[in-house]
Amino acid sequence: MIQHFGLDYNLSDEQLSAIADRVRKDFASKEPEDYTVYDLKALRNILCGFNASDIRKIHPSAYKEASYEIGQLKCKTDVMKAFASLAIHKKAYGPAENWTDSTIKIIGEVKKYLPKNIITGKNLYEQIINTDS
């Protein structure tokens with residue numbers, strides 16, 4: 001059932017937050033750090049209603065496995081920055097200077113929210129600009 005709500009229905013931030021609150025109650029035994037790749041893929045757009053602090057608790061390896069789906073999201077800036085912090089974690093994709101074009105394409109929208117100091121290298125900056133969707 002949750003996976004249907006995870007689709008993009010152009011819900012407002014308030015509606016997404018209400019659904020996210022309900023998901024947290026229904027997942028009472030699970031904290032964000034316990035979410036699996038399957039949970040993340042099912043939640044998809046509902047993740048936009050989570051607080052950035054909850055997003056940062058997601059295990060980086062689960063984020064990595066769901067990063068393509070997450071990269072399609074268009075969440076609030078603070079949430080996307082939280083996903084970006086997961087992307088550069090050593091248990092996800094690690095330091096951005098080691099990323100390939102493929103990695104940049106996989107993380108999708110998240111690449112736009114990487115910290116500026118991470119993408120200052122000319123080569124990486126050009127890779128990100130040239131893979132813009």
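The table below gives the values:
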| item | result |
| --- | --- |
| Simple spin-label estimate for residue 77 and residue 38 in nanometres, 7 Å along Cα-Cβ | 3.8 |
| Tail beyond 13 Å, pair distance distribution of the range 48-110 (Cα, percent) | 57 |
| Backbone HN-Hα couplings from phi across the range 30-42 [Karplus 6.51/-1.76/1.60, Hz, Gly and Pro as x] | 10, 9, x, 5, 9, 5, 8, 4, 5, 4, 4, 5, 6 |
| Of 30/111; 91/116; 30/57; 81/111, those spanning more than 18 Å from alpha-carbon to alpha-carbon | 30/111; 91/116 |
| Cβ-based net charge around residue 86, under 14 Å, with every Lys or Arg adding one and every Asp or Glu removing one | +1 |
| Fewest-first sequence of 24, 44 by Cβ atoms within 10 Å of each Cβ | 24, 44 |
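Every read-out reported here was derived from the displayed coordinates using simple, explicitly stated rules and does not represent laboratory data. In this text the structure is predicted, and so the values were computed from the model without any measurement. Reconstructed Cβ throughout: ideal geometry from the backbone, glycine too, with neighbour counts over all protein chains shown.
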